[in-house]
Amino acid sequence: MKLRKVTAASATVFALALTATACGGDNSGGGSDSGGGKTITVGIKFDQPGLGQKTPQGYAGFDVDVATYVAKKLGYNGDQIEWKEAKSADRETMLQRGDVDFIAATYSITPERQEKVDFAGPYLLAHQDVLVRADDNSIKSPSDLNNKKLCSVAGSTSAQNVKEKLAPKADLQTYPTYSACLSGLQNKAIDALTTDDSILAGYAAQTQFKGKFKLGGFKMTNENYGIGVKKGSDLKADINKALEAMVADGSWQKAVDKNLGPANYKNEPAPKIGDIKS
């Protein structure tokens, strides 16, 4: 009898240990590297309309739609996704610490970042561009930005890139946010706003700005948006398969049209996995 009691107790402990293991006790990320767990944690931007935005109704934008599709392919429904804000300066640290399973947040693939994290994708090829007022026909090429008031946000290299390489006489104006730049553009305090065309399209696609702005279409740089994962994560291969499926079944283009189409955004075709344009 005594022996049977010990054996039963041992079996109970073993079963509990198995249960704890199955729940993923270490926070390598909610469902990190193995789909079907209780939740998966995803990093997005909270303040980029059309791409990643936290709203009273929930989360919206192209990156949100991509991340939701990917999560579903990994075995998670929408209510199993925990969204976390991934500010640009925090993204590598969040992945390295295991705060998130993956990040979809206008995250350009660069050699410097690839030393710290891995990337699935790319899933969108964006370009640095300018946004101008819809009735302004004076800016037809980057050189036309000379002697124009060009806005970007504090800490951004986009405006400096234009001034150094394309329009040395541009009058740089630094605003705290893109929304502030947009207001300045609307009231003619500035002449153009520059950053990635996808970000510009997201802002311009907002209901209150519909029809008021247009993209220059200059394609001054290539920005290969990828989905960031922790270095060595098995999720990379599964995310790549999900991205290929999203393109193949038409969901990718629908997400572009829904979120960025209202700004007449002329998107590049969906990039092939691993095809990074320099």
_Percentage relative contact order, the chain, counting C-alpha pairs under 8 Å, at least six apart_ = 24 percent
*Carbon and sulfur %, accessible surface of the chain computed with the full protein complex present, 1.4 Å*: 51 percent
*Gaussian network model of the chain, Cα springs within a sub-10 Å range: biggest mean-square fluctuation belongs to which of A154, A263, A60?*
A154
*Starting at the first residue of region 58-70, write each ³J(HN,Hα) from the Karplus equation 6.51 cos²θ - 1.76 cosθ + 1.60 with θ = phi - 60°, in whole Hz, x for Gly and Pro.*
x, 10, 9, x, 4, 4, 5, 5, 5, 5, 5, 4, 4
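Under Stokes-Einstein, with the Kirkwood radius over Cα pairs standing in for Rh, what whole-number D in µm²/s applies to region 27-181 at 37 °C and 0.692 mPa s?
187 µm²/s
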*What full-extension length gain, to one decimal in nm, is calculated for A189 and D275 as 0.36 nm per residue of separation minus the Cα-Cα distance?*
27.0 nm
*Just from its helices, what would the mean residue ellipticity at 222 nm be for the chain, if runs of 4 or more DSSP H residues each count -39500 (n - 2.57) and the sum is divided by every residue, rounded to the nearest 500 deg cm²/dmol?*
-10000 deg cm²/dmol
*asked:* Once the cut-off is 29 Å, how many percent of the Cα-Cα pairs in the chain end up in the long-distance tail?
replied: 38 percent
*Separation between the D135 and S251 pseudo-spin-labels, each 7 Å from Cα along Cα→Cβ, expressed in nm?*
4.3 nm
*Calculate one ³J(HN,Hα) per residue across region 122-139 by plugging θ = phi - 60° into the Karplus curve 6.51 cos²θ - 1.76 cosθ + 1.60, and present them in order as whole Hz with x for glycine and proline.*
x, 10, 7, 9, 9, 9, 5, 8, 10, 10, 10, 5, 4, 9, 9, 9, 8, 10
*Whole-number accessible area per residue in Å² for the chain, which is evaluated in the context of all protein chains at 1.4 Å*: 50 Å²
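The values are calculated or read from the model by the stated rules, or taken from the named source; none is laboratory data. A quick note: this is a predicted structure, and the numbers were derived from the prediction, not measured. Virtual Cβ from ideal backbone geometry, glycine too; neighbours counted across all protein chains shown. For accessibility, only protein heavy atoms count, side chains too; no ligands or nucleic acids. Shrake-Rupley method; radii C 1.70, N 1.55, O 1.52, S 1.80 Å.
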